[in-house]
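Heads up, the thing below is written out as structure tokens.
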Amino acid sequence: MRDEVHYLQEVVTRQWPQAKVLILGDVILDKYASGRVERISPEAPVPVVRANRSSEQPGGAANVAMNVVTMGGKATLLGFTGCDPDRELLLQQLAAAGVDSALIGVEGTPTTAKLRILAGQHQIVRLDHESTAERPASAYEALLRRYEAALPGAQVVILSDYAKGVLTESVCKRAIALARQAGVPVLVDPKVRDFSRYAGATTICPNRSELALATGVQGEVEAELNAGQRYVTELGLSHLTVTMSEKGIYTLWPDRRHHAPAVARQVFDVSGAGDTAIAALALCAAAGVPPEQAAVLANVAAGIVVAKVGTVPAKQKEVLSELRSRMADSSSRKTMSLPELAEQVAEWQAAGEKVVFTNGCFDLVHVGHVTLLEQCREFGTRLVVGVNSDASVSGLKGPSRPVISEQQRARLLSALAVTDAVVIFGEPTPIEVIKAIRPDVLVKGGDYTEATVVGAPEVRSWGGRVELVPLVEGFSTSDIVRRIQAQAKA
């Protein structure tokens, strides 16, 4: 975990600032009026908000561009506006933030704007000014010319679809085709039910409700993800990226999945969280970061903005601060109770990950232990380590053991990057742990045979397998203790 976090810190500090992102989509001006509710209107049974503060923020595709810039990258933004004061306000804010915008003003249609009325932190009502009708053909021709001209300077493209008239089927197909010809990856934030217009993109990034609307499958997570996986092949995608709020982000390939869990945060406002997530994913794509690690950073960034009120982009320093916090407490979170572990393993396996289990006393962790754990990890994608409790070790090794307490031993194992979870068990053998988590692979040292490995029949019964790895000669806790005692007497 620490190695991954260090790598992600390097990505954010060194590679994100080099990223050049081209955003094409529906720009919105988000407006806010907030105050206090002190009475009900005599005209209708509605609250009267005494407004004392108002603000405006770029929203929609414009919020995506703002997130790209505030997280350290460079953004070029294309889309439509009206020819009105809201357009000028939007252009001023984008320019002040450092976004390179080339927005086309279309006569006869307003700049899309959403006015939210808030009492404290609670939204009372939203008033939308918009037109979702298609613009004149000349406007789309001008838009695509600007897109084609900007494409050579981009490392990644985002299509930010809010169904406000920019990303028609023909525009999507043309934009994706041009990007593919140029070798530029395309990420799509979808809005329409039919995903076929996004065929050929690198990835589509629906939230859970958008995926359910597109597939017609809703209810169990497993069924929803299975339906989503079919789209990868059908639409010629590299992968599908599904954001699932508190359940995190699932990255789907035709034959496998990866789950990046969300970090628990107090949620004040989900406005713009999807914009932040796709901006982070795009910055990672521009930097060549694998989708699995990109999902982690997208989770971090989205988790920051849901803790804020309104459409507020995430900042690079906030992402780095969250990563530092993760590094500080990641190892302590690895030690779990058996019920917590069983739930976590079930989530990993539902995401298509292969779980490996091994166990031992691990009293005075030495190079032989570390080598064993490194070999265990090669058999799967997640490694769970069972640790004998103090009472269990004393029963197996004698009253002078353990040298190190169970909590300290679990803490040491949790600090190793190779481990994903640690559980302490009080019985002489880990059979109850094995039955509870049902690992895919059970690993023991070469001093065992398959016939003597506890849990081997059970693991094979549910389709798992048993692996034996050679021990590192010359290393054992008993030998270390004897050498220490001999030196103390000398």
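Brief remarks follow.
- Residue within region 231-243 that is surrounded by 18 or more Cβ atoms within 10 Å (Cβ to Cβ) and touching a Cys at 6+ places or on another chain (Cβ under 7 Å) present: yes
- Enumeration of residues in region 347-389 that are among the β-branched types (Val, Ile, Thr), closer than 30 Å to Met244 by Cβ and buried (at least 20 other Cβ atoms within 10 Å of the Cβ): Val355, Val356, Val384, Val385
- Residue check for Leu143: over 21 Å from Ala279 (Cα atoms) and open to solvent by less than 10 Å² (accessible area, probe 1.4 Å): yes
Residue-by-condition table, conditions (1) open to solvent by less than 10 Å² (accessible area, probe 1.4 Å); (2) at pLDDT below 95; (3) aromatic (Phe, Trp, Tyr); (4) under 18 Å from Thr251 (Cα atoms):
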{"position": "Asp275", "(1), (2), (3), (4)": "yes, yes, no, yes"}
{"position": "Ala280", "(1), (2), (3), (4)": "yes, no, no, yes"}
{"position": "Leu283", "(1), (2), (3), (4)": "yes, no, no, yes"}
{"position": "Gln293", "(1), (2), (3), (4)": "no, yes, no, yes"}
{"position": "Ala301", "(1), (2), (3), (4)": "yes, yes, no, yes"}
{"position": "Val305", "(1), (2), (3), (4)": "yes, yes, no, no"}
{"position": "Lys308", "(1), (2), (3), (4)": "no, yes, no, no"}
{"position": "Thr311", "(1), (2), (3), (4)": "yes, yes, no, no"}
{"position": "Ala314", "(1), (2), (3), (4)": "yes, yes, no, no"}
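- Near pairs, Cβ below 7 angstrom, 6+ apart or cross-chain, from region 48-66 (part of a strand (DSSP E or B)) to any residue that is aromatic (Phe, Trp, Tyr): Ser54/Tyr32; Ser55/Tyr32; Gly60/Tyr162
- Against the conditions (1) in a loop (DSSP other than H, G, I, E, B); (2) open to solvent by 80 Å² or more (accessible area, probe 1.4 Å), Gln92 satisfies every one except (1).
- Any hit, region 413-424, residues being over 17 Å from Lys334 (Cβ atoms) and either open to solvent by less than 10 Å² (accessible area, probe 1.4 Å) or not charged (D, E, K, R) (or both): no
- Region 196-306 holds helices (runs of 4 or more DSSP H) entirely within its bounds, and those carrying 3 or more residues that are of a type in the set (A, V, I, L, M, F, W, C) and under 29 Å from His6 (Cα atoms) map to 273-286, 291-305.
- Among residues of region 215-224 being within 19 Å of the chain's Cα centre (by Cα) and more than 23 Å from Asp275 (Cβ to Cβ), the one that is most open to solvent (accessible area, probe 1.4 Å) is Glu222.
- Qualifying residue in region 206-214 (condition: open to solvent by 60 Å² or more (accessible area, probe 1.4 Å), more than 28 Å from the chain's Cα centre (by Cα) and more than 22 Å from Trp253 (Cβ to Cβ)): no
- Any hit, region 28-38, residues being assigned to a helix (DSSP H, G or I) and either open to solvent by 70 Å² or more (accessible area, probe 1.4 Å) or modelled with pLDDT of 95 or more (or both): no
- Top-ranked residue of region 116-131 - restricted to ones that are charged (D, E, K, R) and in contact with a strand residue (DSSP E or B) (Cβ under 6 Å, 6 or more places away or on another chain), ranked as most open to solvent (accessible area, probe 1.4 Å): Arg126
- Options Arg180, Arg135; residue that is part of a helix (DSSP H, G or I) and either closer than 25 Å to Ile204 by Cβ or among the polar types (S, T, N, Q) (or both): Arg180
- Residues that are among the small types (Gly, Ala, Ser), more than 29 Å from Ala260 (Cβ to Cβ) and assigned to a loop (DSSP other than H, G, I, E, B) occur in region 378-390; there is at least one.
The values are calculated or read from the model by the stated rules, or taken from the named source; none is laboratory data. Everything numeric here is computed off the predicted structure, so don't read it as measured data. In this analysis, Cβ positions are derived from the backbone assuming ideal geometry, glycine residues included, and neighbour counts consider all displayed protein chains. Note: areas computed on protein heavy atoms with side chains; ligands, DNA, RNA excluded. Shrake-Rupley method; radii C 1.70, N 1.55, O 1.52, S 1.80 Å.
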